Every structure is written in structure tokens, then in C-alpha cells.
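Worksheet: the structure to be examined is printed underneath.
The values are calculated or read from the model by the stated rules, or taken from the named source; none is laboratory data. Remember, it's a predicted structure, so these values are computed and weren't measured experimentally. Quick reminder, even Gly has a Cβ in these numbers, built from the backbone with ideal geometry, and neighbours come from all protein chains shown. To get the accessible areas, we keep the full protein, side chains included, count just its heavy atoms, and leave off ligands, DNA and RNA. Shrake-Rupley method; radii C 1.70, N 1.55, O 1.52, S 1.80 Å.
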Amino acid sequence: MMSSKTQTLAIAPPSSQSMIFYLLCAGFVLNGIVISLIGPILPMFMAKWGLNDSRAGLFSLVQFSGSFVGVLTSSILISARGFKPAIALGIASLGLGFALLNAPTFALALAASGLYGLGYGFATPGTNLWVGESYGARRASALSIMNLAWGAGAISSSPLAMLTMRTSHVSLALYIVGTLCAALAMVLLRMPFGKPPHHENSAVQATSEKIVETGVAVLLGILFFVYVGTEVGTSYWASTHAQRAMMWSGNTWALAPMFFFAGLLGGRAAAAAILLHVKEVTVAVAGLLIAAAGEFVFLAGNSPLTLFGGAFLAGLGLASIFPILIAWLSKWYGTRARKVGGVMFALAALGSALMPPLVGVLSRLSGSLRIGLLVPLAGCAVMLTVIGLLRPSTRG
């Protein structure tokens, strides 16, 4: 249950809010590049260190275990000091870890992925929650635009990986992105985000408490866990599956995640407008049905059309889900989402840490990555079931 007090948000001045939003969009572009590049270059790392599917899955496990720690720590920091320190520290850590990723040993590369995972855990919840609090009734649309920026970074990671592998300039690309992250973090530290919220008594609090009973929190937590695990589980293994599914004349298979993120990008661009007119739950259910169809086509594919087309459909269907989850979190919990969001984003980090390695383990045990990719397909079915139990349209 919620306490008998509520929080009053000290928001950024209107003249600064738009600038902060644009800077955070830039941060999400870099965030998307950092988090998504490991998928396209994973086959290179597997060849470099002789990794099997189970060991290759450790990158995701370490990265999002670091994210889990970052989320828990950032929740405390945001509640005490506001959004600015957590977001700036997160972006700086993203850049530093990313710059060190192409290390000479597997252990050092894993440590680097843990560092930028920690940064992801600091920057991502704070950015989403700031937007959720700052844009009121337009939060779902604004969050779609923000996550559209993340998709723009993610979609660029595949051609960036393919180009740098062909030209043997992987480390140079990592250094450039790392430097941009450091520069952006310094700019954000100079922006007026507003002060942390203060507490005051509220007669409306008892009504709000009815909305956030334990059952709702559990179901929402399952959605965060499964959604992010499904998204990362698909994008993480997309290049590896495409490489094995058919014979290629070059390394065009590295573009498979690009088509997945192209679906995310296009879907979030459309969702920003659609969510202004269509109920969030309708968009979410339709999206998950499309995603499930795309996941099936992708895992069964044996041609560029089915592999890339299935990846695109999967991303298109999943595009609106995360912005909608953040909107529900902000709407149902208000400014208390700063604390509750810590739990939700921690569950999301656990989903990212556990579901992609599970794909690898099932692949090794069955001898087929197609079997492993049943995990994200099952994730779509789980989310549809949970949304049916949650009944979001009855909660305001």
C-alpha cells in the first residue's frame, strides 16, 4: 500500500523542458547504439575467443546484471537527488564501458559490458520516468518519441557493426561513441532538471492506493520482465540465427538486428500518433499479435526475405509495448513511480539478463538455435495473457 503522503514534483522550467527532452533523445540514440551493437558483432567475438552459444550468452547476462544493480541504485539516487545525477552518471558509464568493449581478452570484454550495463541501469529509468512525469496526458505519445530515438540508435548499430568489421575499425567506432557519451553527460549536468519531489499530505491518496494493489504491481512487473527479455532475446541472437539459417556470400547476416530495430523505429513513430486517438490496451494487444507472428516467421525463416521480414514484423509489433508500460506506471503511481519504477526497471533488467542466455542454453541442449528462439515467441504469449488479467482499460 502507498503511504499517507504524496510527492509534489518540482519540474524543470518550461523554457528548459524542451531542451532537456531533445538532449535526452540524443542520449537515447547513443544508448541504443551502445546496448544493441553487441548483437551484430557477437559472431565476431564468438570466433575471436572460440565461444559456444552458452558462453556467448554471458555478454547479455553480465550486461544486464550490471543494469540490475544500476536500476536499484538509481532508484535511491533519483528519490534523493532528482533525475540529473542518475542520468548524467549513467550516460558517462555507458560511454566508458562501450569504449573498452573490444578488449584483448574475453574476461575484460565481459567487464566492459557490465560497466556499460550499469550505465544503462542508471540512465534508462531516469529518462523514461522524467518524460512520464513531465508530459501528463501526453506521456504515452512523448515516451514513444523518446523510445523512437532509442530505436534510431539501435537500428544504426547493425550497419555500423558491418562497416567497422569490414574495415577493421571496431575500436575506433567504440571510442567515438564513448566520447560523445561523455560530452553529453557534461552538458546535461548544466541543465535545470528541477529539484527532487517533497512530501505533503493528500486526501486523494486513499483513492490512489486502490489502484496499485499488490496484484496489479505483480502483473505489471511480469510485463516489464517479459517484454524487455523478449526484445533483447530477439535482437541479441538475430545475427547469429541469420548467419546459421542459410548460406551467405558476405556478412550481410549482420543486418538482421537492423530490420528488427527498423520495425521498432517505425512502430514507435506510428504509435506516437496512434496513441493520441486509440486506447493503449488496444494498441498493446494488436502489437503483441503482430510480434508473435513476426517471431514465428523469423525463427522458421531460411531466406533473406523471411529472416529480415520476420525480424521487422517482430520489432514492429513490440514497438509500442514499452512506452505503454511506462505510461501505465506513471499514470497509476504518479510521482511515486520514481520508487516503484525502481522495482519495475530492476525486473526489466532481470528479464534482459536471463532470457537471452536461456535462448543460448536451449540452443546448446537441443542443438538448434531455432528451438532457443521459442523463448521470445513464448514471451509474446505470456504478455497477452497478463494484459488480459490486468485489464488496463478499467484502471483509468
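Under a model in which nothing but the beta-carbon of Lys, Arg (+1) and Asp, Glu (-1) is charged, the chain shows a dipole of about 380 debye around its Cα centre.
Converting phi to 3J(HN,Hα) with the Karplus coefficients 6.51, -1.76 and 1.60 and the offset θ = phi - 60°, region 323-329 yields x, 5, 4, 5, 4, 4, 4 Hz in sequence order, with x at every glycine or proline.
The simple Förster model, with R0 at 41 Å and r as the Cβ-Cβ distance, assigns Met186 and Met247 a FRET efficiency of 0.30. Note on surface exposure: Met246, Met186 rank Met186, Met246 by accessible area, highest first, 1.4 Å probe. Per residue, the chain exposes an accessible area of 38 Å² to a 1.4 Å probe, with every protein chain left in place. Mean-square fluctuations from a GNM of the chain, with a 10 angstrom spring cutoff on Cα atoms, peak among Pro356, Pro376, Pro104 at Pro104. Each residue of region 263-279 was assigned a 3J(HN,Hα) from its phi angle through the Karplus curve 6.51 cos²θ - 1.76 cosθ + 1.60 (θ = phi - 60°); the sequence is x, 4, 5, x, x, 6, 5, 5, 5, 4, 8, 4, 5, 6, 10, 10, 4 Hz, with glycine and proline shown as x. Taking every protein chain into account, the 1.4 Å probe leaves Val69 with about 80 Å² of accessible area, to the nearest ten. On the principal axes of its alpha-carbon atoms, region 335-387 has extents of 47, 22, 9 Å, going from largest to smallest.
Taken over region 46-108, the alpha-carbon convex hull comes to 74 cubic angstrom per residue. Distance between the C-alpha centres of region 151-179 and region 262-283: 28 Å, rounded to the whole angstrom. The C-alpha atoms of the chain occupy a region whose extents along the principal axes are 66, 43, 34 Å, arranged from largest to smallest. Taking trypsin sites (Lys or Arg not before Pro) as exposed when DSSP calls them loop and at most 14 other C-beta atoms lie within 10 angstrom, the chain has its longest site-free stretch at 1-189. Kirkwood analysis of the Cα pair distances in region 248-357 returns a hydrodynamic radius of 15.3 Å. Can you find, among Ser168, Gly50, His277, the residue farthest towards the positive end of the dipole of the chain? Put +1 on the C-beta of Lys and Arg, -1 on that of Asp and Glu. With unit charges placed on the Cβ atoms, the residue in question is His277. Along the axis of the charge dipole computed for the chain (Cβ charges of +1 for Lys and Arg, -1 for Asp and Glu, origin at the Cα centre), the listed residues Ser156, Ser352, Gly82 are led at the positive end by Gly82.
Springs join every pair of Cα atoms under 10 Å in this Gaussian network model of the chain, and among Ser157, Ser352, Ser171 the largest mean-square fluctuation is at Ser171.
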